[in-house]
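Novice: Supplied in structure tokens, the structure appears directly below.
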Amino acid sequence: MRSFDTLPVSSLNLLLWAAGQQGADVTALQRAIGLDAATAANPDARIPIATIQKLWPLAIAATGNAYLDLHLGSLVSAGSIGILAYVLMHSLTLGAALQQLCRYQDIACMGVKTSLAPAAEEERGVWLKLELLSADIVYPQHVLNSELSVYLAAFEALTGQAVRPAAVRLAYPRPADSREHERVLGPTPLEFGAAETAILLPNEALALPIRNASPTLFALFEQHAAALLAQLPARPEPPLAERVRREIVKLLKGNVPTLAMVADRLHLGTRTLQLHLKEAGHSYQQLLEEVRRELALRHLQQPQQSTADIAFLLGYAEPSVFVRRFKQWTGQTPGAFRRAALQPAAKRSPPGRLYPATTRAGSDGAGTWWRGRRLRSAQ
């Protein structure tokens, strides 16, 4: 495991707490993920992202709430992420708070990144982008949904006004029923299957003042946050093969990306990329097949998409071609694999390793930051 694939235990505790509010047996969930009491009680402890990823399907099954990720923003309140929360709470405007969020994101989780990008002039705002950096994130939709729901709830708590994005891009396919996504993340139309996950925040929202912000307290908390950030290990540059995999995932939306397309996105010549991959013991075709296999495993663990839809998303001209390829990979048909994967969570085997399905993203792989509010949306 790479050193940056961790997050504070407080984030995992918050997801456990939210599950408990929905009727789950928290002690049983802790045992299921191997979380000991001493680690759970240590506010300075950091845990592998893989641990909270293991918790996601268990928590959803235990609560019976299929939209637990989208509902986290209704459960939590400012303050539960410690020092980062206080930096945001004492920024002068929402725009300034977003800059601090991006700067100190690693305190909350080093496996995911939040960034800001200027919007086009006619869009009149800024894009808040989420990119998953850790290959240990096997449930990217839970990560992205929870992050966005928590961010929007946090923006309202900070400003005292509902902050709604002018546009929403989601780097995963449209589910069979997207009404809850639209209720939580809307009312703007949602763009599913996008190359990246991002929300467009209008300029008037960025100018909103943060309630009760204190410049004096901001300086104090910001200094503390900077010290914590300096203590974290530096995030290494991902290996070239992993960067290629990420670009393949972004481009694999019904058409098979070519080596030249990926090389262009990595600002490399096609021949140069090919040689570097060969030196590292890889080929482009091998990486493409790895990504297709792992995305197939992931999609089949969700009930919303048909085999034909998955075949199309992975760039297969015919579903029968995908079925034959899947049997070569696993020895099973997609249907047989799906039936086993959709058994009750307690009977399932852990899913295979998947590569991030989007460009830069928000916090822990759980997005569980702000504790304390009652879950209105689950009622």
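The values are calculated or read from the model by the stated rules, or taken from the named source; none is laboratory data. As the structure is a computational prediction, the values presented were derived from the model and not from experiment. Neighbour counts run over all protein chains shown; Cβ positions are idealised from the backbone, glycine included. Note: areas computed on protein heavy atoms with side chains; ligands, DNA, RNA excluded. Shrake-Rupley method; radii C 1.70, N 1.55, O 1.52, S 1.80 Å.
Novice: Considering only the stretch 134-145, how many residues are surrounded by fewer than 24 Cβ atoms within 10 Å (Cβ to Cβ) and under 15 Å from R246 (Cα atoms)?
Specialist: Result for the stretch 134-145: 2.
Novice: Can I ask one more? Test of understanding: among L72, L148, L92, L116, which residue is in contact with a strand residue (DSSP E or B) (Cβ under 8 Å, 6 or more places away or on another chain) and open to solvent by less than 20 Å² (accessible area, probe 1.4 Å)?
Specialist: Of the residues listed, the single one that is in contact with a strand residue (DSSP E or B) (Cβ under 8 Å, 6 or more places away or on another chain) and open to solvent by less than 20 Å² (accessible area, probe 1.4 Å) is L148.
Novice: Sticking with this structure for a sec: Which of the residues that make up the stretch 182-198 are open to solvent by less than 10 Å² (accessible area, probe 1.4 Å), of a type outside the set (V, I, T) and under 18 Å from the mean Cα position of the chain (by Cα)?
Specialist: Of everything in the stretch 182-198, those that are open to solvent by less than 10 Å² (accessible area, probe 1.4 Å), of a type outside the set (V, I, T) and under 18 Å from the mean Cα position of the chain (by Cα) turn out to be L185, A194, A198.
Novice: Select from the stretch 151-181 the residues that are surrounded by fewer than 21 Cβ atoms within 10 Å (Cβ to Cβ), aliphatic (A, V, I, L, M) and either under 30 Å from L314 (Cβ atoms) or without any contact (Cβ under 8 Å) to a residue 12 or more places away in the chain (or both) and list them in ascending order.
Specialist: Passing the criteria: A162, A167, A176.
Novice: Kindly indicate the residue of the stretch 205-256 that is open to solvent by 60 Å² or more (accessible area, probe 1.4 Å), among the small types (G, A, S) and under 27 Å from A154 (Cβ atoms) and also modelled with the highest pLDDT among those meeting that condition.
Specialist: Once the filter is applied, the top-ranked residue is A207.
Novice: Still on this structure, I have one more. Does E196 fit the bill of being in contact with a strand residue (DSSP E or B) (Cβ under 7 Å, 6 or more places away or on another chain), within 16 Å of K250 (Cα to Cα) and among the acidic types (D, E)?
Specialist: Taking the combined requirement at face value, the residue satisfies it.
Novice: Which one is nearest to A66 (Cα to Cα), of the residues in the stretch 298-321 that are of a type in the set (D, E, K, R) and either surrounded by 15 or more Cβ atoms within 10 Å (Cβ to Cβ) or touching a Cys at 6+ places or on another chain (Cβ under 6 Å) (or both)?
Specialist: By that ranking, first place goes to R298.
Novice: Right, another one. Scan the stretch 186-213 for residues that are part of a helix (DSSP H, G or I) and in contact with a Leu (Cβ under 8 Å, 6 or more places away or on another chain) and report the count.
Specialist: Result for the stretch 186-213: 2.
Novice: When you look at L354, is it under 25 Å from H142 (Cα atoms) and modelled with pLDDT of 90 or more, yes or no?
Specialist: no
Novice: Name the helices (runs of 4 or more DSSP H) wholly inside the stretch 74-171 in which the number of residues that are among the aliphatic types (A, V, I, L, M) and within 26 Å of E191 (Cα to Cα) is 1 or more.
Specialist: 94-103, 140-159
Novice: While we're looking at this one, here's another question. Among the listed residues R174, R164, which satisfies the condition of being among the basic types (K, R) and under 25 Å from L14 (Cβ atoms)? Don't jump to the end; show me each part of the working.
Specialist: On the way: R174 fails: under 25 Å from L14 (Cβ atoms).
Exactly one of R174, R164 is among the basic types (K, R) and under 25 Å from L14 (Cβ atoms), namely R164.
Novice: Here is a check on your reading of the model: is R374 of a type in the set (D, E, K, R), open to solvent by 40 Å² or more (accessible area, probe 1.4 Å) and modelled with pLDDT under 50?
Specialist: Judged against the criteria, R374 is a match.
Novice: Are there any helices (runs of 4 or more DSSP H) wholly within the stretch 1-55 with 1 or more residues that are farther than 22 Å from G82 by Cβ and open to solvent by less than 20 Å² (accessible area, probe 1.4 Å), and if so which?
Specialist: Details: elements: 9-21, 26-33, 37-41.
Answer list for the stretch 1-55: 26-33.
Novice: So which of G269, G281, G315 is farther than 24 Å from A135 by Cα and among the small types (G, A, S)?
Specialist: G269
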